[in-house]
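So the structure is just underneath, and the comments pick up after that.
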Amino acid sequence: MENIILDCDPGIDDAIAIILALKSKNCKIKAITTVTGNTYSEVGTRNVIKLFYLLGIDWFAIERPPIAEGSKLPLSGRMNFAGSKQVHGLDGFGNTEDLFDEYKIPKKIQTEYDAMDLIDSTVSESEEPITLVTLGPLTNIARVIEKDPSIIRKLKKVIIMGGAIEVPGNVSPGAEFNIYTDPEAARTIFLSGLPILLVPLDVTKRYTLTKNDISEIIDVDSPVTNFINKALSYYMRITRIREGFEEDACFLHDALAMGIAIDERLRKTIKTKRYFVDVETKGLLSSGQTIADRRRVPEFKEYGATDICLDIDFPKFVKFLTRIILD
Ligand code: BDR
Ligand code: CA
(Lines give C-alpha, C1' and ligand atoms only; values in the text may rest on other atoms or scores of the structure.)
(Ligands and ions follow the chains in the order given, each with its own letter.)
Protein backbone atom coordinates (compact mmCIF):
# COMPACT_ATOMS: atom_id res chain seq x y z
CA MET A 1 0.00 0.00 0.00
CA GLU A 2 1.54 3.30 -1.13
CA ASN A 3 0.83 6.44 0.87
CA ILE A 4 0.76 9.29 -1.61
CA ILE A 5 0.70 13.07 -1.63
CA LEU A 6 -0.37 14.29 -5.03
CA ASP A 7 0.64 17.72 -6.32
CA CYS A 8 -1.02 18.56 -9.64
CA ASP A 9 -2.31 21.16 -12.12
CA PRO A 10 -5.43 19.50 -13.57
CA GLY A 11 -5.24 19.18 -16.69
CA ILE A 12 -6.77 16.30 -18.72
CA ASP A 13 -3.93 13.80 -18.18
CA ASP A 14 -3.79 14.93 -14.52
CA ALA A 15 -7.51 14.09 -14.32
CA ILE A 16 -6.91 10.52 -15.47
CA ALA A 17 -4.05 10.23 -12.95
CA ILE A 18 -6.23 11.54 -10.12
CA ILE A 19 -9.07 9.16 -11.01
CA LEU A 20 -6.60 6.25 -11.00
CA ALA A 21 -5.23 7.25 -7.62
CA LEU A 22 -8.63 7.77 -6.03
CA LYS A 23 -10.00 4.49 -7.38
CA SER A 24 -6.95 2.29 -6.80
CA LYS A 25 -6.98 -0.07 -3.84
CA ASN A 26 -3.17 -0.07 -3.82
CA CYS A 27 -2.71 3.44 -2.52
CA LYS A 28 -3.96 5.85 0.05
CA ILE A 29 -4.11 9.48 -1.00
CA LYS A 30 -3.04 11.48 2.03
CA ALA A 31 -3.41 14.92 0.43
CA ILE A 32 -3.99 16.61 -2.93
CA THR A 33 -2.44 20.00 -3.60
CA THR A 34 -2.73 22.17 -6.69
CA VAL A 35 -0.34 24.49 -8.46
CA THR A 36 -0.70 26.90 -11.35
CA GLY A 37 0.37 25.19 -14.58
CA ASN A 38 -2.13 23.93 -17.12
CA THR A 39 -4.67 26.24 -15.43
CA TYR A 40 -4.71 28.70 -12.57
CA SER A 41 -4.41 26.88 -9.24
CA GLU A 42 -7.92 28.13 -8.44
CA VAL A 43 -9.37 26.41 -11.53
CA GLY A 44 -7.24 23.32 -10.90
CA THR A 45 -8.55 23.07 -7.34
CA ARG A 46 -12.14 23.23 -8.56
CA ASN A 47 -11.25 20.57 -11.13
CA VAL A 48 -10.08 18.22 -8.35
CA ILE A 49 -13.39 18.76 -6.57
CA LYS A 50 -15.26 18.02 -9.82
CA LEU A 51 -13.55 14.62 -9.89
CA PHE A 52 -14.59 13.96 -6.29
CA TYR A 53 -18.23 14.52 -7.26
CA LEU A 54 -17.80 12.39 -10.36
CA LEU A 55 -16.47 9.50 -8.28
CA GLY A 56 -19.18 9.91 -5.67
CA ILE A 57 -16.72 10.95 -2.94
CA ASP A 58 -18.62 12.99 -0.40
CA TRP A 59 -17.02 16.43 -0.22
CA PHE A 60 -18.19 16.73 3.41
CA ALA A 61 -16.95 13.29 4.50
CA ILE A 62 -14.28 13.48 7.17
CA GLU A 63 -12.18 10.67 5.70
CA ARG A 64 -11.81 12.19 2.22
CA PRO A 65 -8.29 13.34 1.30
CA PRO A 66 -7.65 16.97 2.24
CA ILE A 67 -7.22 19.37 -0.70
CA ALA A 68 -5.28 22.61 -0.71
CA GLU A 69 -4.73 25.25 -3.32
CA GLY A 70 -1.05 26.09 -3.72
CA SER A 71 1.11 28.57 -5.60
CA LYS A 72 -0.82 30.94 -7.85
CA LEU A 73 2.28 31.79 -9.89
CA PRO A 74 5.71 30.24 -10.58
CA LEU A 75 8.64 31.56 -8.51
CA SER A 76 9.40 34.07 -11.30
CA GLY A 77 5.91 35.58 -10.89
CA ARG A 78 5.23 35.13 -14.62
CA MET A 79 2.88 32.74 -16.40
CA ASN A 80 1.62 32.32 -19.97
CA PHE A 81 -1.42 30.10 -20.52
CA ALA A 82 -1.66 30.32 -24.33
CA GLY A 83 -0.46 26.76 -25.07
CA SER A 84 -2.28 25.11 -22.14
CA LYS A 85 -5.65 26.57 -23.12
CA GLN A 86 -5.26 24.94 -26.48
CA VAL A 87 -4.07 21.57 -25.14
CA HIS A 88 -6.43 21.25 -22.16
CA GLY A 89 -9.35 23.54 -23.14
CA LEU A 90 -10.62 26.66 -21.40
CA ASP A 91 -11.65 24.75 -18.26
CA GLY A 92 -8.52 22.56 -18.16
CA PHE A 93 -10.74 19.51 -18.73
CA GLY A 94 -11.27 19.65 -22.50
CA ASN A 95 -14.36 21.91 -22.33
CA THR A 96 -16.49 19.42 -20.37
CA GLU A 97 -18.09 21.90 -17.94
CA ASP A 98 -21.63 20.79 -18.91
CA LEU A 99 -20.97 17.31 -17.44
CA PHE A 100 -20.68 18.86 -13.97
CA ASP A 101 -23.71 21.21 -14.08
CA GLU A 102 -25.81 18.96 -11.87
CA TYR A 103 -23.32 19.17 -8.98
CA LYS A 104 -23.66 22.96 -8.67
CA ILE A 105 -20.04 23.39 -7.56
CA PRO A 106 -19.36 27.00 -6.50
CA LYS A 107 -17.13 28.93 -8.91
CA LYS A 108 -14.86 30.14 -6.10
CA ILE A 109 -13.58 27.62 -3.61
CA GLN A 110 -11.64 28.40 -0.49
CA THR A 111 -9.66 25.32 0.55
CA GLU A 112 -9.16 24.63 4.22
CA TYR A 113 -5.34 24.43 4.24
CA ASP A 114 -2.33 26.13 2.73
CA ALA A 115 -0.77 23.66 0.26
CA MET A 116 2.80 24.08 1.50
CA ASP A 117 1.73 23.56 5.14
CA LEU A 118 -0.40 20.57 4.17
CA ILE A 119 2.48 18.84 2.35
CA ASP A 120 4.91 19.55 5.17
CA SER A 121 2.61 18.48 8.00
CA THR A 122 1.37 15.36 6.18
CA VAL A 123 4.94 14.16 5.66
CA SER A 124 6.11 15.12 9.14
CA GLU A 125 3.16 13.58 10.96
CA SER A 126 2.88 10.36 8.97
CA GLU A 127 3.96 7.13 10.63
CA GLU A 128 4.23 5.42 7.24
CA PRO A 129 6.67 6.40 4.48
CA ILE A 130 5.21 8.87 1.98
CA THR A 131 5.70 9.03 -1.78
CA LEU A 132 5.20 12.44 -3.34
CA VAL A 133 3.88 12.42 -6.89
CA THR A 134 4.14 15.67 -8.85
CA LEU A 135 2.23 16.18 -12.08
CA GLY A 136 2.73 19.90 -12.61
CA PRO A 137 5.34 22.66 -12.13
CA LEU A 138 7.42 22.17 -8.98
CA THR A 139 6.66 25.54 -7.36
CA ASN A 140 4.88 24.17 -4.27
CA ILE A 141 7.58 21.58 -3.57
CA ALA A 142 10.41 24.11 -3.89
CA ARG A 143 8.58 26.33 -1.41
CA VAL A 144 8.12 23.46 1.06
CA ILE A 145 11.84 22.62 0.90
CA GLU A 146 12.76 26.23 1.43
CA LYS A 147 10.55 26.35 4.52
CA ASP A 148 11.45 22.93 5.93
CA PRO A 149 14.54 21.24 4.41
CA SER A 150 14.11 18.28 6.81
CA ILE A 151 11.35 17.01 4.53
CA ILE A 152 14.08 15.90 2.09
CA ARG A 153 15.13 12.97 4.27
CA LYS A 154 11.60 12.17 5.41
CA LEU A 155 10.16 11.43 1.95
CA LYS A 156 10.45 7.84 0.72
CA LYS A 157 10.42 8.84 -2.96
CA VAL A 158 9.42 11.68 -5.28
CA ILE A 159 7.95 10.68 -8.63
CA ILE A 160 8.06 13.62 -10.99
CA MET A 161 6.35 13.82 -14.36
CA GLY A 162 8.51 16.27 -16.26
CA GLY A 163 11.59 16.95 -18.31
CA ALA A 164 13.01 15.69 -21.58
CA ILE A 165 16.37 13.93 -21.34
CA GLU A 166 17.28 12.34 -24.68
CA VAL A 167 14.31 13.66 -26.70
CA PRO A 168 13.07 17.14 -27.73
CA GLY A 169 10.90 19.26 -25.44
CA ASN A 170 7.22 20.02 -25.95
CA VAL A 171 7.12 23.78 -25.31
CA SER A 172 10.51 24.69 -26.73
CA PRO A 173 13.18 22.72 -28.60
CA GLY A 174 14.63 21.46 -25.31
CA ALA A 175 12.10 22.03 -22.54
CA GLU A 176 9.09 20.12 -21.24
CA PHE A 177 6.08 22.09 -19.93
CA ASN A 178 6.22 21.34 -16.17
CA ILE A 179 9.91 22.20 -15.91
CA TYR A 180 9.73 25.10 -18.37
CA THR A 181 6.92 26.73 -16.36
CA ASP A 182 9.05 27.00 -13.21
CA PRO A 183 12.71 26.21 -13.96
CA GLU A 184 13.99 27.78 -10.73
CA ALA A 185 11.71 25.56 -8.65
CA ALA A 186 12.69 22.49 -10.67
CA ARG A 187 16.39 23.25 -10.21
CA THR A 188 15.89 23.43 -6.44
CA ILE A 189 14.30 20.00 -6.48
CA PHE A 190 16.87 18.27 -8.72
CA LEU A 191 19.77 19.64 -6.65
CA SER A 192 18.12 18.95 -3.29
CA GLY A 193 19.20 15.34 -2.80
CA LEU A 194 15.57 14.10 -2.83
CA PRO A 195 15.22 10.48 -4.02
CA ILE A 196 13.70 11.24 -7.44
CA LEU A 197 12.22 8.96 -10.07
CA LEU A 198 11.72 11.13 -13.14
CA VAL A 199 9.05 10.24 -15.70
CA PRO A 200 10.03 12.44 -18.65
CA LEU A 201 8.79 12.83 -22.24
CA ASP A 202 11.31 10.11 -23.19
CA VAL A 203 8.84 7.53 -21.87
CA THR A 204 5.52 9.43 -21.95
CA LYS A 205 5.83 10.33 -25.66
CA ARG A 206 7.13 6.91 -26.61
CA TYR A 207 3.56 5.52 -26.79
CA THR A 208 0.19 6.99 -27.79
CA LEU A 209 -3.29 6.09 -26.64
CA THR A 210 -6.07 5.80 -29.23
CA LYS A 211 -9.85 5.44 -28.98
CA ASN A 212 -9.37 1.78 -29.83
CA ASP A 213 -7.21 1.30 -26.71
CA ILE A 214 -10.00 2.58 -24.47
CA SER A 215 -12.96 1.03 -26.30
CA GLU A 216 -13.95 -1.00 -23.22
CA ILE A 217 -14.09 2.18 -21.14
CA ILE A 218 -16.04 4.13 -23.77
CA ASP A 219 -18.62 1.33 -24.07
CA VAL A 220 -19.70 1.87 -20.46
CA ASP A 221 -22.20 4.65 -19.70
CA SER A 222 -21.35 6.20 -16.30
CA PRO A 223 -20.39 9.70 -15.09
CA VAL A 224 -16.68 8.76 -14.93
CA THR A 225 -16.46 6.96 -18.28
CA ASN A 226 -18.50 9.67 -20.03
CA PHE A 227 -16.12 12.32 -18.69
CA ILE A 228 -13.07 10.30 -19.74
CA ASN A 229 -14.53 9.78 -23.20
CA LYS A 230 -15.34 13.47 -23.73
CA ALA A 231 -12.12 14.87 -22.23
CA LEU A 232 -9.87 12.37 -24.05
CA SER A 233 -11.70 12.93 -27.35
CA TYR A 234 -10.78 16.61 -27.08
CA TYR A 235 -7.20 15.80 -26.04
CA MET A 236 -6.72 13.21 -28.80
CA ARG A 237 -8.03 15.58 -31.47
CA ILE A 238 -5.79 18.47 -30.39
CA THR A 239 -2.77 16.15 -30.07
CA ARG A 240 -3.36 14.84 -33.62
CA ILE A 241 -3.32 18.41 -34.92
CA ARG A 242 -0.28 19.50 -32.89
CA GLU A 243 1.79 16.39 -33.59
CA GLY A 244 0.69 15.87 -37.21
CA PHE A 245 -0.69 12.36 -36.50
CA GLU A 246 -2.95 10.67 -39.01
CA GLU A 247 -5.51 9.65 -36.39
CA ASP A 248 -6.70 11.06 -33.06
CA ALA A 249 -4.32 9.91 -30.31
CA CYS A 250 -2.81 11.35 -27.15
CA PHE A 251 -0.05 10.95 -24.60
CA LEU A 252 -0.99 10.18 -21.02
CA HIS A 253 2.03 11.78 -19.32
CA ASP A 254 0.62 12.16 -15.81
CA ALA A 255 -1.42 8.96 -15.76
CA LEU A 256 1.71 7.02 -16.66
CA ALA A 257 3.62 8.58 -13.75
CA MET A 258 0.73 7.75 -11.42
CA GLY A 259 0.58 4.16 -12.69
CA ILE A 260 4.27 3.77 -11.87
CA ALA A 261 3.66 5.22 -8.41
CA ILE A 262 0.79 2.94 -7.43
CA ASP A 263 1.19 -0.34 -9.28
CA GLU A 264 4.15 -2.48 -8.33
CA ARG A 265 3.67 -4.85 -11.29
CA LEU A 266 3.82 -1.92 -13.69
CA ARG A 267 6.81 -0.46 -11.87
CA LYS A 268 8.66 -3.72 -12.40
CA THR A 269 8.41 -3.21 -16.20
CA ILE A 270 10.13 0.18 -16.34
CA LYS A 271 13.63 0.70 -17.69
CA THR A 272 15.68 3.39 -15.98
CA LYS A 273 19.04 5.12 -16.19
CA ARG A 274 20.67 7.08 -13.43
CA TYR A 275 22.16 10.50 -14.17
CA PHE A 276 22.86 13.69 -12.35
CA VAL A 277 20.18 16.11 -13.66
CA ASP A 278 20.29 19.91 -13.57
CA VAL A 279 17.95 22.53 -15.04
CA GLU A 280 18.84 25.50 -17.24
CA THR A 281 17.21 28.60 -15.76
CA LYS A 282 18.75 31.42 -17.78
CA GLY A 283 19.22 30.32 -21.38
CA LEU A 284 17.69 32.47 -24.09
CA LEU A 285 16.65 29.36 -26.03
CA SER A 286 17.13 26.66 -23.44
CA SER A 287 15.37 27.89 -20.30
CA GLY A 288 13.66 24.96 -18.56
CA GLN A 289 15.76 22.32 -20.29
CA THR A 290 16.60 19.32 -18.08
CA ILE A 291 20.25 18.54 -18.65
CA ALA A 292 21.47 15.09 -17.67
CA ASP A 293 25.20 14.71 -17.25
CA ARG A 294 25.64 11.65 -19.42
CA ARG A 295 29.39 11.49 -18.92
CA ARG A 296 30.64 8.71 -16.67
CA VAL A 297 29.41 9.55 -13.15
CA PRO A 298 32.20 9.57 -10.56
CA GLU A 299 31.24 8.10 -7.20
CA PHE A 300 30.99 11.43 -5.39
CA LYS A 301 28.40 12.63 -7.86
CA GLU A 302 26.10 9.69 -7.10
CA TYR A 303 24.55 11.70 -4.28
CA GLY A 304 21.56 13.50 -5.69
CA ALA A 305 21.55 11.56 -8.95
CA THR A 306 18.11 11.03 -10.51
CA ASP A 307 16.57 7.76 -11.67
CA ILE A 308 15.10 8.42 -15.09
CA CYS A 309 12.36 6.25 -16.54
CA LEU A 310 12.97 5.69 -20.25
CA ASP A 311 10.59 2.84 -21.09
CA ILE A 312 7.59 0.90 -19.76
CA ASP A 313 5.34 -1.99 -20.79
CA PHE A 314 2.65 0.24 -22.32
CA PRO A 315 0.09 -2.48 -23.17
CA LYS A 316 0.29 -3.50 -19.51
CA PHE A 317 -0.37 0.11 -18.53
CA VAL A 318 -3.47 0.24 -20.78
CA LYS A 319 -4.78 -2.95 -19.14
CA PHE A 320 -4.12 -1.48 -15.68
CA LEU A 321 -5.92 1.76 -16.64
CA THR A 322 -8.95 -0.11 -17.96
CA ARG A 323 -9.14 -2.40 -14.95
CA ILE A 324 -9.03 0.41 -12.40
CA ILE A 325 -11.47 2.66 -14.23
CA LEU A 326 -14.04 -0.07 -14.78
CA ASP A 327 -13.66 -1.50 -11.28
C1 BDR B 1 2.92 17.84 -18.77
O2 BDR B 1 2.41 19.13 -19.11
C3 BDR B 1 1.02 19.17 -18.96
O4 BDR B 1 0.41 19.66 -20.11
C5 BDR B 1 0.56 17.77 -18.66
O6 BDR B 1 -0.49 17.80 -17.71
C7 BDR B 1 1.78 17.08 -18.12
O8 BDR B 1 1.88 17.19 -16.73
C9 BDR B 1 3.49 17.20 -20.01
O10 BDR B 1 4.49 17.99 -20.55
CA1 CA C 1 0.01 18.01 -15.37
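Values for this structure:
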read-out: Around T181: net Lys/Arg minus Asp/Glu count, Cβ-Cβ under 12 Å; value: -3
read-out: Stretch in the chain that is longest and holds no GluC sites (Glu not before Pro) that DSSP places in a loop and that have at most 14 other beta carbons within 10 Å; value: 248-327
read-out: T272 versus E243: modelled label distance in nm, points set 7 Å from Cα along the beta carbon direction; value: 2.5 nm
read-out: Kirkwood hydrodynamic radius (C-alpha pairs) into Stokes-Einstein, the chain, 37 °C and 0.692 mPa s, D in µm²/s; value: 167 µm²/s
read-out: Residue among A68, I214, T139 farthest towards the positive dipole end of the chain, charges placed on Cβ; value: T139
read-out: Most mobile listed residue (F251, F227, F60) in the chain, GNM with C-alpha springs under 10 Å; value: F60
read-out: Within the chain, helix-based [θ] at 222 nm, where runs of 4 or more DSSP H residues each add -39,500 (n - 2.57), nearest 500; value: -11000 deg cm²/dmol
read-out: Residue-span extension gain [E125 to T322] - 0.36 nm each, minus C-alpha spacing; value: 67.5 nm
read-out: Check: region 91-222 dipole with +1 on Lys, Arg Cβ and -1 on Asp, Glu Cβ, in debye; value: 620 debye
read-out: Computed E for T210/M79 - FRET, C-beta separation, R0 25 angstrom, nearest 0.05; value: 0.20
read-out: Cα-centred dipole magnitude for the chain, charges only on beta-carbon of K, R (+1) and D, E (-1), debye, nearest 20; value: 660 debye
read-out: Förster-model FRET efficiency, 41 Å R0, D114 and D219, C-beta, rounded to 0.05; value: 0.45
read-out: Check: region 173-213 dipole with +1 on Lys, Arg Cβ and -1 on Asp, Glu Cβ, in debye; value: 140 debye
read-out: Carbon/sulfur fraction of accessible area - the chain, other protein chains in place, 1.4 Å, %; value: 51 percent
read-out: Highest-fluctuation residue, K282, K107, K28 considered, GNM on the chain with Cα pairs under 10 Å; value: K107
read-out: Antiparallel content of DSSP bridges confined to the chain, in %, to 5; value: 30 percent
read-out: Within a Gaussian network of the chain (alpha carbon springs, distance under 10 Å), most fluctuating of Y53, Y234, Y180; value: Y53
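The values are calculated or read from the model by the stated rules, or taken from the named source; none is laboratory data. All values derive from a computational prediction rather than experimental measurement. All Cβ positions, glycine included, derive from the backbone under ideal geometry; neighbour counts span all protein chains shown. Just so you know, the surface numbers come from the protein's heavy atoms only, side chains and all, with ligands and any DNA or RNA stripped out. Shrake-Rupley method; radii C 1.70, N 1.55, O 1.52, S 1.80 Å.
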